[in-house]
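This report refers to the structure that appears directly beneath it.
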Amino acid sequence: MKTINFYRQARVDGGKRTGVEIDGETVLERFESGNKTEDSALLWFVDVRCSGDNMPNEAETAREWLLEKAPIIQAGVRKVANELRAGIDFSAPISREIPNVGKGLTVEIFCSAIRRLQGLEIAPVLDEISSHWKELLQKLEVLEPLAR
């Protein structure tokens, strides 16, 4: 079974990392630097984890696939945002499955915050991801594989 994972993460130093992994290997990514002293510890993360048999295995086709699935993923992320308006318990990640994504496909949203304060901010983060899904994906740069 193939996996594609879209992720967005915020760091203590204000930096944000967004990317796409295929089978655990990052193929698309963008880093927005923060304005504080470098500290890569995470404040929160959101993953949209997709799995299935007939999924793309190249960076650009994965981007296209995620863009094609935009309406259903955006609606699913928005639904989770609405559910989490009061915040989340930061002791364990929240996971929710998005229904009706297609035969043989599973899409789940995972999110977690390191502290209670960031847990209160998770719904607006999910709203941002839902509202800017296409732009976030389009801004990602293709990463060249490391020579082995």
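From the largest down, the chain spans 39, 38, 25 angstrom on the principal axes of its Cα atoms. Just subtract the alpha-carbon distance of Glu83 and Glu144 from 0.36 nm times their residue separation and send over the number in nm, one decimal. Length gained, Glu83 through Glu144: 18.2 nm.
Exposure proxy for Glu135, Glu58: other Cβ atoms within 10 Å of each Cβ, ordered fewest to most, give Glu135, Glu58. Pairs of Lys residues in the chain are counted when their Cα atoms are under 24 angstrom apart and they lie 8 or more places apart or on different chains; the count is 17. If the chain linking Glu38 and Ser95 were pulled fully straight, counting 0.36 nm for each residue of separation and taking away their Cα-Cα distance, it would gain 17.6 nm. Put in line by how crowded their Cβ is, counting other Cβ atoms within 10 Å and starting with the fewest, Lys16, Lys69 read Lys16, Lys69. Just need the Rg to Rh number for region 28-104, please, alpha carbons only, Kirkwood Rh. With Rh from the inverse mean 1/r over Cα pairs, Rg/Rh is 1.01. Name all residues of region 1-26 having a backbone nitrogen under 16 Å from the label point set 7 Å from the Cα of Thr106 along its Cα→Cβ direction, giving them as ranges. Zone members listed by number: 1-6, 23-24.
Extension gain, Asn54 to Glu68: 0.36 nm times the residue separation minus the Cα-Cα distance gives 3.6 nm.
Readers should treat all values here as calculations from the given coordinates under stated rules, not as data from a laboratory. Quantities reported herein were computed from a predicted structural model and do not represent experimental measurements. Backbone-built Cβ (ideal geometry, glycine too); neighbour counts: all protein chains shown.
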